[in-house]
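Asks: Starting off with a structure, shown below.
The values are calculated or read from the model by the stated rules, or taken from the named source; none is laboratory data. If you're wondering where the values come from, they're calculated on a predicted model, not measured in any experiment. Here Cβ is always computed from backbone atoms with ideal geometry, including for glycine, and neighbour counts include all displayed protein chains. In case anyone asks, the SASA skips ligands and DNA or RNA and just uses the protein heavy atoms, side chains included. Shrake-Rupley method; radii C 1.70, N 1.55, O 1.52, S 1.80 Å.
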Amino acid sequence: MNLLLTIIHHAFFAMIPAVGFGLLFNVPLKALKYCAAGGAIGVVCRYLLLEQGVSIELATLLATSVVGFLGVYWSQRFLAHPKVFTVAAVIPMLPGVFAFRSMIALVQMNQLGYSPELLANLVDNLLKAVFIVGGLAIGLALPGLLFYRRRSVI
Amino acid sequence: MTSKLTESDQRALSRLCIQSGQMLLQHGAESTLVVDLTRRLGLALGIEEIEVSLSPNSISVTTITDRHCITTVRQCPDHGINMHVITKIQHLVVMTEHQVLDTYAAAARLQKITAKRYNRWLVLVMVGLSCAAFSRLAGGDFAVFAMTFIATCCGMLVRQELAHRHFNPLLNFGATAFVTTSASVPGFYFEIGNNPSLIMASAVLMLVPGFPLINAASDMVKGHINIGVSRWVMASLLTLATCMGIVLAINLFQLWPWMR
């Protein structure tokens, strides 16, 4: 019961950013509800995988590949490129906090001088951010890489 | 579509193809999509061969019919991400392929595609709610949610005003980050909510260049290394500019003790 509530909580609060950033990217009105659905499904999948002890990079890759395949299905139904649905949907999974922590460590190193802790902070967070973004992009591109190799999705 | 194209027909078709490619690149489509749609449009309208080459801020198209070659190049200054335009061009290409549109109808339709935008106040409120939702997902309580909403809205207002006045995006992101962080300072001073640093961390998430980053990575995966690298560098610079804004505000308001 507790798990169900947590899932609903995550799904609801992932839908809001998916729609908000969909508006920022001028996603057509009809596609917005699919952005919201994709966002909710992606975040819940990743949450469940993280709970099982999967690393955050792999969990992101698997969750976004689910969103990627859903995006292909929707894109064939509505004649729009999958990215129209999927990018806004994966925005809640972007490693923004990692990226900012690493950049703040960089700026701090400039102000305070070199220290091993700051360098560790910079490298750790930067690597996490890069690998998560890589996982996101490959997860979204997976349908194209596996099944639509020599033809277009629509 | 087997009838011979005259030279002026070919010229008109080349213009049509490159205009669609230019619009796609300007509005944030990934490279594979730009190349694919431009080629398909040309082939559907009866060109024998068409080649598209992309560079980070220009596009060139070569069309060949009857061993007669036309090459043309266009600059592609960034017009901001707009999925509406991309969807419309995709529909146009699919309709042309199914022979619903001929060259004139396709050209007329392409001219009519405008970069429609959502009402700015709607976008402002929704982005505010989005960042507030990020703070909730990260474990903030209701006070943190409300403060994040306010801070993000202040930042978003600045971002829209500066973008409207065509300031450099790097400057825009830096200024927006400064205002957003400053607007979250009361959270630290008055100890609002269970974790005031979440307010700042979530509010600046609206400045993460998500679309350029994902586009960059997928361009590189699909072999457009050149454009992928340039998009990646641009996204990193935007992140760096954002951090400059944040650090400036942190220094100004003496927030380092809370950052540890």
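Asks: Would you check the accessible area of A:Phe25, probe 1.4 Å, heavy atoms only, in square angstrom rounded to 10?
Replies: Roll a 1.4 Å probe over it and A:Phe25 shows about 20 Å².
Asks: Here's another thing I want to ask about it. Report the number of Lys pairs in the protein assembly as shown whose alpha-carbons are under 22 Å apart, with separation of 8 or more residues or on distinct chains.
Replies: Pairs that pass both the separation and distance tests number 12.
Asks: In addition: Can you sort A:Phe13, A:Phe98 by 1.4 Å-probe accessible area, starting with the largest?
Replies: These residues rank, largest area first, as A:Phe98, A:Phe13.
Asks: Let me ask something else. What do you reckon, how do B:Ser197, B:Ser31 stack up by accessible area (1.4 Å probe), largest on top? Please report the intermediate quantities before stating the final value.
Replies: Numbers: B:Ser197 40, B:Ser31 0 Å².
Largest to smallest exposure gives the sequence B:Ser197, B:Ser31.
Asks: Considering only protein heavy atoms and a 1.4 Å probe, what is the carbon-and-sulfur percentage of the accessible area of the protein assembly as shown? Walk me through the intermediate numbers first.
Replies: On the way: 11940 of 18810 Å².
Accessible surface attributable to carbon and sulfur in the protein assembly as shown totals 63 percent.
Asks: Just read off the accessible area of B:Trp256 with the full protein assembly in place, 1.4 Å probe, to the nearest 10 Å².
Replies: 40 Å²
Asks: Can you give the relative contact order of chain B as a percent, counting alpha carbon pairs under 8 Å and 6+ residues apart? Don't skip to the end; give the middle numbers.
Replies: Values: 382 pairs, mean separation 42.8, N = 260.
Reported relative contact order: 16 percent.
Asks: Would you please state which residues of region A:73-104 a label at A:Phe147 would reach in this model, taking the label point 7 Å out along Cα→Cβ and a backbone N cut-off of under 18 Å?
Replies: A:73-87
Asks: Enter the angle in degrees (range 0 to 90, nearest 10) between the Cα long axis of helix A:56-78 and the first principal axis of the Cα atoms of chain A, meaning the one along which they spread out most.
Replies: Approximately 30 degrees, to the nearest 10.
Asks: May I ask you to list, by number, the DSSP H helices of chain B whose Cα span along the axis is at least 18 Å and whose average Kyte-Doolittle hydropathy reaches 0.0 or more? Working shown, then result.
Replies: Numbers: long enough: B:7-26 (28 Å, -0.35); B:31-44 (20 Å, 0.74); B:83-97 (21 Å, 0.70); B:120-137 (25 Å, 1.48); B:142-164 (33 Å, 1.23); B:169-183 (21 Å, 0.96); B:225-252 (40 Å, 1.61).
Answer set is B:31-44, B:83-97, B:120-137, B:142-164, B:169-183, B:225-252.
Asks: Just give the residues from region A:1-15 buried by at least 20 square angstrom of accessible area in the all-chains context relative to the isolated chain, probe 1.4 Å, and say none if nothing qualifies.
Replies: For region A:1-15, once contacts with the other chains are taken into account, A:His9, A:His10, A:Phe13 lose 20 Å² or more.
Asks: Next up: State, as an integer percentage, the relative contact order of region A:3-148 based on alpha-carbon contacts under 8 Å between residues 6 or more apart.
Replies: 28 percent
Asks: Right, something else. May I ask for the angle, rounded to the nearest 10°, between helix A:32-51 and the longest principal axis of chain A, with both axes built from Cα atoms and the value confined to 0 to 90°?
Replies: Compared with the principal axis, the helix lies near 50 degrees.
Asks: Indicate the residues belonging to region A:24-42 that lose 30 Å² or more of solvent-accessible heavy-atom surface (probe 1.4 Å) upon moving from the chain alone to the assembly of all protein chains, ignoring ligands and nucleic acids.
Replies: Residues losing area: A:Leu24, A:Phe25, A:Asn26, A:Pro28.
Asks: Ignoring ligands, DNA and RNA, how do A:Tyr73, B:Tyr118 rank by accessible area with a 1.4 Å probe, largest first? Don't jump to the answer; show the numbers that get you there.
Replies: Numbers: A:Tyr73 120, B:Tyr118 55 Å².
I get A:Tyr73, B:Tyr118, largest accessible area first.
Asks: Moving on. Checking an interface number: how much accessible area is buried between B and A, summed over both chains, with a 1.4 Å probe, in Å² rounded to 100? It would help to have the intermediate numbers written out before the result.
Replies: Numbers: alone 13910 and 9330 Å², together 18810 Å².
The contact between A and B buries close to 4400 Å².
Asks: Further question on the same structure: With the crude spin-label approximation of a point 7 Å out along Cα→Cβ, what separation in nm comes out for B:Leu252 versus B:Gln111?
Replies: Result for the modelled spin labels: 4.8 nm.
Asks: Now, a different point. Please work out how much accessible surface A:Met109 shows to a 1.4 Å probe, ignoring ligands, DNA and RNA, in Å² rounded to 10.
Replies: Result for A:Met109: roughly 40 Å² accessible.
Asks: Mind checking the dipole of region A:3-148: about its Cα centre, +1 per Lys or Arg Cβ, -1 per Asp or Glu Cβ, Debye to the nearest 20?
Replies: Numbers: 7 positive and 4 negative charges, 105 e Å.
Computed about the Cα centre, the dipole is about 500 debye.
Asks: Between B:Thr103 and B:Leu122, what is the label-point separation in nm under the 7 Å Cα-to-beta-carbon projection?
Replies: Rounded to a tenth, the inter-label distance reads 3.9 nm.
Asks: Measuring with a 1.4 Å probe in the full set of protein chains, what accessible area per residue, in whole Å², belongs to region A:3-148?
Replies: On the way: 6130 Å² over 146 residues.
Value for region A:3-148: 42 Å² per residue.
Asks: Round to the nearest 10 and give me the degree value, 0 to 90, for the angle of helix A:96-112's Cα axis relative to the longest principal axis of chain A.
Replies: Around 20 degrees separate the two axes.
Asks: Residues of region B:120-135 with accessible area at least 30 Å² lower in the all-protein-chain context than alone (1.4 Å probe)?
Replies: B:Val123, B:Met126, B:Val127, B:Ser130, B:Ala133, B:Phe134
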